[in-house]
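For reference, the structure is listed below as structure tokens.
The values are calculated or read from the model by the stated rules, or taken from the named source; none is laboratory data. On a predicted model such as this, the values are computed, not experimentally measured, just so you know. Glycine gets a Cβ as well: all are built from the backbone with ideal geometry, and neighbour counts include every protein chain shown.
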Amino acid sequence: MNAMEAMLNTEDDALLDVQHLTMRFGGLTAIDDLSFTARRREITSIIGPNGAGKTTVFNCLTGFYKPTVGCLLLKHPQKGDYFLERMEGFRIAQVGDVGRTFQNIRLFPKMTVLENLIIAQHNRLMKASCFALAGLFGLPRYREAEKAAVDKARFWLDRVGLIPRADWEAGNLPYGDQRRLEIARAMCIDPCLLCLDEPAAGLNPRESLDLNELLLSIRDEQGIGILLIEHDMSVVMGISDHIVVLDHGRKISDGDPEFVRNDPTVIRAYLGEEEGDDDHA
């Protein structure tokens, strides 16, 4: 493969192209001129100290915030291009197929584990039911869609090891199981881009290893892009293909794990070293 072919293939693999993203809240600039590219079949991690602006990036991508400035281009592999900054938040999930989890668990605690995954497919079921008419009369179209939704829910429960607890109330699951259930629920919309906000938060080392294996299998078997915010560096360095580092809303590093691990700018941001520290050693 020559250099031109390699460049074209790299461009074809782009899934999310963020250009000059800026988010201001009054006089506070939370994100300052951020640009990066996330690719299909890759795990792109966004890391940085507390308050660096990581979750604000997710909120812009998923429609919770409208960016002050910037272009957020989703290159959907089947549907074409979407400018996310121009879309309503619900359409980013429904039409753009962008799935998301949150820092704080947002399950329906009184519903069963299985019901949490079926309700994630609510929009498809409503369309199949002609907005309740076909469901009311039990027409074949709705029965087939309902069966497909249950089958998909059971598939993802099996993938995350929760089939034996399918009939539990979600709120009664151990914390680590709730984290996996959130990922399974996000996957039930068949996302082309999966945004995970600190999925390893509160997990023990064994659960973090299991999470690594799950995310790598989703990347490889479903062929989607994963955008990850995470403080657990064993997770970030263990599974990331690409890492973007933020500090006070600005990008300070961008590369593969080996590059980022050894970048002096990143080390200073995390350890608080000053530029002239070496002179005083």
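Within region 148-170, residues that are assigned by TED's automatic domain parsing to the domain that holds MET111 reach partners that are hydroxyl-bearing (Ser, Thr, Tyr) with beta carbons closer than 8 Å, at six or more positions or on different chains, in the pairs ARG159/SER217; ALA166/THR112; ASP167/THR112; TRP168/THR112; GLU169/THR112; ALA170/THR112. When PHE83, PHE64, PHE25 are screened for being among the hydrophobic types (A, V, I, L, M, F, W, C) and within 30 Å of GLY176 (Cβ to Cβ), only PHE64 passes. Looking across region 90-109, the residues that are β-branched (Val, Ile, Thr) and either surrounded by fewer than 17 Cβ atoms within 10 Å (Cβ to Cβ) or outside any loop (DSSP other than H, G, I, E, B) (or both) come down to ILE92, VAL95, VAL98. When the residues of region 183-192 are filtered to those that are in contact with a helix residue (DSSP H, G or I) (Cβ under 6 Å, 6 or more places away or on another chain) and part of a helix (DSSP H, G or I), the one that is nearest to ILE118 (Cα to Cα) is ARG185.
Listed here are the residues, each with its yes/no results for (1) modelled with pLDDT under 95; (2) of a type outside the set (A, V, I, L, M); (3) in the same structural domain as GLU182 (by TED's automatic domain parsing).
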{"site": "ALA3", "(1), (2), (3)": "yes, no, no"}
{"site": "ARG40", "(1), (2), (3)": "no, yes, no"}
{"site": "GLY51", "(1), (2), (3)": "yes, yes, no"}
{"site": "LEU61", "(1), (2), (3)": "no, no, no"}
{"site": "GLY80", "(1), (2), (3)": "no, yes, no"}
{"site": "GLY89", "(1), (2), (3)": "yes, yes, no"}
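For region 84-117, the set of residues classified as in contact with a Cys (Cβ under 8 Å, 6 or more places away or on another chain) and under 21 Å from ALA149 (Cβ atoms) consists of GLY96, ASP97, VAL98, GLY99, ARG100, THR101, LEU117, listed by residue number.
State the number of residues belonging to region 30-85 that are assigned to a strand (DSSP E or B) and surrounded by 14 or more Cβ atoms within 10 Å (Cβ to Cβ).
Within region 30-85, the subset assigned to a strand (DSSP E or B) is 30-39, 43-47, 69-76, 80-83.
Cutting the leftovers down to surrounded by 14 or more Cβ atoms within 10 Å (Cβ to Cβ) gives us 30-39, 43-47, 69-76, 82.
Residues that pass the stated criteria total 24.
Scanning region 193-234 for residues that are over 10 Å from the mean Cα position of the chain (by Cα), in contact (Cβ under 8 Å) with a residue 60 or more places away in the chain and assigned to a loop (DSSP other than H, G, I, E, B) turns up ALA201, GLY223, ILE224, GLU230, HIS231.
Could you please let me know if ILE218 is under 18 Å from ARG39 (Cβ atoms) and in contact with a strand residue (DSSP E or B) (Cβ under 6 Å, 6 or more places away or on another chain)? Spelling it out, it is not the case that ILE218 is under 18 Å from ARG39 (Cβ atoms) and in contact with a strand residue (DSSP E or B) (Cβ under 6 Å, 6 or more places away or on another chain).
So which residues in region 159-177 are of a type in the set (Asp, Glu) and either loosely packed, with under 13 Cβ neighbours inside 10 Å or assigned to a loop (DSSP other than H, G, I, E, B) (or both)? First the steps, then the outcome.
Initial filter on region 159-177 (of a type in the set (Asp, Glu)): 167, 169, 177.
Listed by number, the list holds a single entry, ASP167.
For ARG180, the conditions (1) part of a helix (DSSP H, G or I); (2) surrounded by fewer than 21 Cβ atoms within 10 Å (Cβ to Cβ); (3) in the same structural domain as LEU107 (by TED's automatic domain parsing) are fulfilled apart from (2).
Within the group ILE163, ILE218, which residue is farther than 16 Å from GLU115 by Cα and aliphatic (A, V, I, L, M)? Talk me through it step by step, then tell me what you get.
On the way: ILE163 fails: farther than 16 Å from GLU115 by Cα.
ILE218 is the lone residue from the list that is farther than 16 Å from GLU115 by Cα and aliphatic (A, V, I, L, M).
Remark: pairs (first residue in region 55-66, farther than 17 Å from ASP247 by Cα; second residue assigned to a helix (DSSP H, G or I) and among the aromatic types (Phe, Trp, Tyr); Cβ separation under 6 Å; 6+ apart in sequence or on different chains) are absent.
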